[in-house]
Amino acid sequence: DRSPAPQAESAQYFKDSIKFFKKFLSINEEKNPEDDVLIMLAKLYFYSGYYGQDEILNLLKDVRKPELITNDDDKRFFGYVFYINSGDEKYIKYLTSIEKKSNLGKLFIAGVFFTAKQYTEAILMYKDILNNQIDDNERLIVQRNLGKIYFYQSLMDESLLFLLPVYAKEPENAEIKTMLKKIYLSKGDKVNAKLYEPVL
């Protein structure tokens with residue numbers, strides 16, 4: 001799933017942190033901050049929800065040696081932002097080199113494809129994950145996202161196959177209920193569509 005928007009209090013914390021960082025750089029006359037400082041500031045921009053993708057990307061473009069980034073979370077962030085904005089396959093290779101072969105790593109890469117609307121690649125990776133031994137939470141994530149992808153592609157029967165098991169686990173999920181209602185309406189099945197009406 002894509003990351004939710006930050007809560008108001010969290011957003012304010014990130015904005016305050018950004019002000020502190022910029023003041024620190026200004027006081028120390030840092031015209032060429034170190035790569036880890038640039039990445040940290042870019043992450044603060046991202047999580048504050050206040051800055052646009054262009055501003056985040058411009059900060060990361062100043063990172064001089066991405067191959068020397070040591071923190072895996074920083075690597076994920078760097079690769080994610082560049083792939084989402086450019087679609088360049090080299091960033092998927094970069095991310096894959098970090099994530100190895102674990103299910104969680106594959107879920108992250110599939111999520112990047114999903115966010116970038118590279119649905120064919122996302123489907124292939126999610127289905128590969130389903131073929132592995134995974135826990136119930138991982139299976140639910142895969143089913144939910146496959147259901148959404150097929151829904152976005154107007155493949156309603158395929159979407160239904162994945163969304164119904166998700167609804168059984170998450171009956172209060174309003175987004176899933178709305179999708180199920182729309183699927184049944186598209187099939188002319190008003191009886192089943194009514195089952196997913198919001199409760200007033």
Hz values of 3J(HN,Hα) by residue in segment 119-131 - Karplus curve (6.51, -1.76, 1.60), Gly and Pro given as x:
5, 4, 5, 5, 4, 4, 6, 4, 5, 5, 5, 4, 7
Net charge (Lys, Arg +1; Asp, Glu -1) of residues whose beta-carbon lies under 15 Å from that of Lys194, Lys194 excluded, is +3
Between Lys190 and Leu140, what is the FRET efficiency for a Förster distance of 25 Å, r being their Cβ-Cβ separation, to the nearest 0.05?
0.30
Kindly identify segment 84-169 as rounded, prolate or oblate by the Cα gyration tensor criterion: order the square roots of the eigenvalues as a ≥ b ≥ c, call it rounded if a/c is under 1.5, otherwise compare a/b with b/c, prolate if a/b is larger, else oblate.
oblate
Highest mean first, how do 39-49, 156-166, 63-73 rank when packing is the count of other Cβ atoms within 10 Å averaged over residues?
39-49, 156-166, 63-73
Note on segment 104-151: alpha-carbon gyration tensor, axes a ≥ b ≥ c; rule is a/c under 1.5 for rounded, else prolate if a/b larger than b/c, else oblate; result prolate
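Every number here is computed from the coordinates shown, using simple stated rules; none is lab data. Everything numeric in this text was worked out from a predicted model, so none of it was measured. Methodologically, a virtual Cβ is constructed for each residue, glycine included, from the backbone with ideal geometry; neighbour enumeration extends over all protein chains shown.
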